[in-house]
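So the structure is just underneath, and the comments pick up after that.
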Amino acid sequence: MATHDASTTPTTGAYADAHARSLSDPDGFWLEAAQAIDWTTPPTQAVDDSDAPLYRWFPDGVMNTAYNCLDRHVAAGRGDAVALIHDSAMTGEVTEYTYAQLTEKVAALAGALAAEGVGKGDRVLIYLPMIAEAPIAMLACARLGAVHSVVFGGFAPKELATRIDDAAPDVVLTCSGGIEPRRRVEYLPAVAEALEEARHTVRTVLVHHRDGFESSLQDVSERGGAQWKDWGEAVAAAEPAAPVDVRATDPLYVLYTSGTTGKPKGVVRDNGGHAVALRWTMENIYDVGPGEVMFTASDVGWVVGHSYIVYAPLLAGATSVLYEGKPVGTPDAGAFWRVISQHGAKSFFTAPTALRAIRRADPEGDLKDRYDLSCLKVLYAAGERLDPETQKWAEELLDIPVIDHWWQTETGWAVAANPVGLELLPVKTGSASVPSPGYDVVVLDGMGEPVEAGVEGNIAVRLPMPPGTLQTLWGDDQRFIDSYLSAFEGHYATGDSGIVDEDGYVFVLGRTDDVINVSGHRLSTGVLEAALATHPAVAECCVIGLADDFKGQRPAGYVVLKSGMDAPEPGSEEETTLFDEFKQAVRRGVGPVADFRDVAIVEALPKTRSGKILRKTMRQMADGEEYTVPSTIEDPSVLDSLKPLLSPRG
């Protein structure tokens, strides 16, 4: 196994010291970090490698995650501090919950779950939109030592059923439905259909009532073999539940990775390592502490929502904003700026796709000027690669650091980030900055050998992974090993390709299956997209590799134009000129080796609900392969509209 090359990371400063110590003395580093958590039994050991390559963190520690998120702040005299702000652009309502109020609501729901027989280790499936009941439900499960599995609200019944069968929950927590800008999504019929389709029998469904939906509790009460009960009545009839002690290694939640086919992959997060890691990141990466406001524009159904809407801000005693709305259209592209200004957010975390949507609708950023954003110190982006053009646009618009950082559902927190709380390092456009303390990031060739700085390869992390990362896959250790730990011995394979430059900065260029091989030259779609996005007409774009009998593959680009720009008439001189400019932009940025000739203008790009572009599906369509539309797709009609463009051609 290769050894850590200290020359590939910054060698001086608070970050360098922390990163070096985390690798040379992980026990000392993380046991010290664990002191920020309240323990019933403090751990004396950090990492347990007795079952390697399966590692466990703080094996002798005992604690409760919900207590650390809520009760301890009340006990410390901060019960009147605001813990959660629910801001609904859909209803126009803003509701604040203090730590004392949130503790009371969580204890009450935990009591209702306990009355339904839910206890330590039992599973509860949560199917809710972006309402306060979602984090309350998660924390209520944690309070009992139960394992929650949040499924993105609005998932199709079939996908919900597969997750019910895998997690085998005793109880489902849901509500009447979710509100979208142009429609209301009825949840109860979907839950009932999922229960009927699933092999596993759910014992109880608790339903939170929301006004304005057609389906009622009575409409579904005889379906699916479960007892359907009113959430409010169940809570009113129950006694509040106290926190239940759990081992640090006990599971906190199962979160299914997006785009799964067949048996879903349930990422398992533990209690102790998760709490320690997330509490550490709030201070040292995001620089957010007690009483300060963090606005994470994500969904509780995704890992970002788990980590930085619910758990991390509350572990730190901060205020978290839970936003029900969109980046544009609720009511306009100034929605995020309104939320930041109204609630005094110091830290803002969103996905690059949201920034591109705002840029497309308001390219000059005029709507930003309506709001006082002096409270905002840093903007963080994650979920997909932040293209350099969007990063530059946001930096110029906001005049603050705009930081891309990189992590995955599996890791639970940033593999690479700019550690603002330790020290703000220079921002390199296009880079996710440096490996976070605890992560020993390496770039490997196909044989598992380290490559030189600046050379693209497979990004991997030497084992053990730091606390807070996935422990295994639910019910399937071997699948965990086969999926993540077998490609490169002694390493976690991220599935991403990229480089680490001579300064130790990580550049994630795309998934390893997004690399295009053009006449023997391996080209990353991320590099090609970054070059194409430099053209001033491009709001967003994607590049895929099409099968080519002569070259192996050839790149093809799909461009969404900025708002206010009309696509030229097909076959017109204007179209030819514009396409030539697109091709020249790629030639300038990548070189003639890209052989970039295929380009098309489209109304929209197909994405998952978390903002990831469905490049693989597009490529399969273009090459005439069989494909499955991912269950996480945001708008299936976008793929339908692309079929004429993606029809197989030689």
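The values are calculated or read from the model by the stated rules, or taken from the named source; none is laboratory data. Keep in mind that this is a model prediction, so the values were computed, not measured. Ideal geometry is used to build each Cβ from the backbone, glycine not excepted, and the neighbour counts take in all protein chains shown. All accessible areas refer to the heavy atoms of the entire protein, side chains included, with ligands and DNA or RNA removed. Shrake-Rupley method; radii C 1.70, N 1.55, O 1.52, S 1.80 Å.
Collect the residues in segment 267-308 that are of a type in the set (Val, Ile, Thr), touching a helix residue (DSSP H, G or I) at 6+ places or on another chain (Cβ under 7 Å) and within 22 Å of His86 (Cα to Cα), keeping them in residue-number order. Passing the criteria: Val288, Val293, Thr296, Val300.
So that you can scan it fast, the table gives a plain yes or no per residue for (1) part of a loop (DSSP other than H, G, I, E, B); (2) at pLDDT 95 or above; (3) more than 16 Å from Val150 (Cβ to Cβ); (4) among the hydroxyl-bearing types (Ser, Thr, Tyr):
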| position | (1), (2), (3), (4) |
| --- | --- |
| Thr162 | no, no, no, yes |
| Val172 | no, yes, no, no |
| Ala190 | no, no, no, no |
| Val205 | no, yes, no, no |
| Phe213 | yes, yes, yes, no |
| Val235 | no, yes, yes, no |
| Ala241 | yes, yes, yes, no |
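Only one of the numbered conditions (1) assigned to a loop (DSSP other than H, G, I, E, B); (2) farther than 26 Å from Val434 by Cα; (3) of a type outside the set (Ser, Thr, Tyr) is violated by Lys229, and that is (1). Go through the residues of segment 347-357 one by one and say whether even a single one is under 27 Å from Ala533 (Cβ atoms), touching an Asp or Glu at 6+ places or on another chain (Cβ under 6 Å) and open to solvent by 10 Å² or more (accessible area, probe 1.4 Å). Yes, segment 347-357 contains a residue that is under 27 Å from Ala533 (Cβ atoms), touching an Asp or Glu at 6+ places or on another chain (Cβ under 6 Å) and open to solvent by 10 Å² or more (accessible area, probe 1.4 Å). Among residues that are in contact with a His (Cβ under 6 Å, 6 or more places away or on another chain), open to solvent by less than 20 Å² (accessible area, probe 1.4 Å) and within 19 Å of Ser88 (Cβ to Cβ), Val310 is not included. Do you know which of the residues in segment 504-558 that are open to solvent by 10 Å² or more (accessible area, probe 1.4 Å), at pLDDT below 85 and of a type in the set (A, V, I, L, M) is nearest to Val593 (Cα to Cα)? Once the filter is applied, the top-ranked residue is Leu523.
Considering only residues that are β-branched (Val, Ile, Thr) and either at positive phi or under 38 Å from the mean Cα position of the chain (by Cα) (or both), which ones fall in segment 559-578?
Result: Val559, Val560.
Answer yes or no as to whether Ala34 is at pLDDT 95 or above, more than 28 Å from Leu473 (Cα to Cα), assigned to a helix (DSSP H, G or I) and in contact with a Pro (Cβ under 8 Å, 6 or more places away or on another chain).
On the way: at pLDDT 95 or above: yes; more than 28 Å from Leu473 (Cα to Cα): no; assigned to a helix (DSSP H, G or I): yes; in contact with a Pro (Cβ under 8 Å, 6 or more places away or on another chain): yes.
No: the conditions fail for Ala34.
Scanning segment 608-635 for residues that are open to solvent by 20 Å² or more (accessible area, probe 1.4 Å), within 25 Å of Leu160 (Cα to Cα) and in contact (Cβ under 8 Å) with a residue 12 or more places away in the chain yields Arg609, Ser610, Lys612, Arg615, Lys616, Thr628, Val629, Pro630, Ser631, Glu634, Asp635.
If you scan segment 580-595, which residues turn out to be open to solvent by less than 30 Å² (accessible area, probe 1.4 Å), of a type outside the set (A, V, I, L, M) and in a helix (DSSP H, G or I)? Hit for segment 580-595 is Phe582, nothing else.
Looking at segment 452-471, which of the residues that are closer than 12 Å to His491 by Cα and in a loop (DSSP other than H, G, I, E, B) is least open to solvent (accessible area, probe 1.4 Å)? Checked segment 452-471; the qualifying residue least open to solvent (accessible area, probe 1.4 Å) is Met465.
Could you run through segment 399-442 and say how many residues are free of Cβ contacts under 8 Å to residues at least 60 places away in the same chain and among the acidic types (Asp, Glu)? Counting residues in segment 399-442 that are free of Cβ contacts under 8 Å to residues at least 60 places away in the same chain and among the acidic types (Asp, Glu) gives 2.
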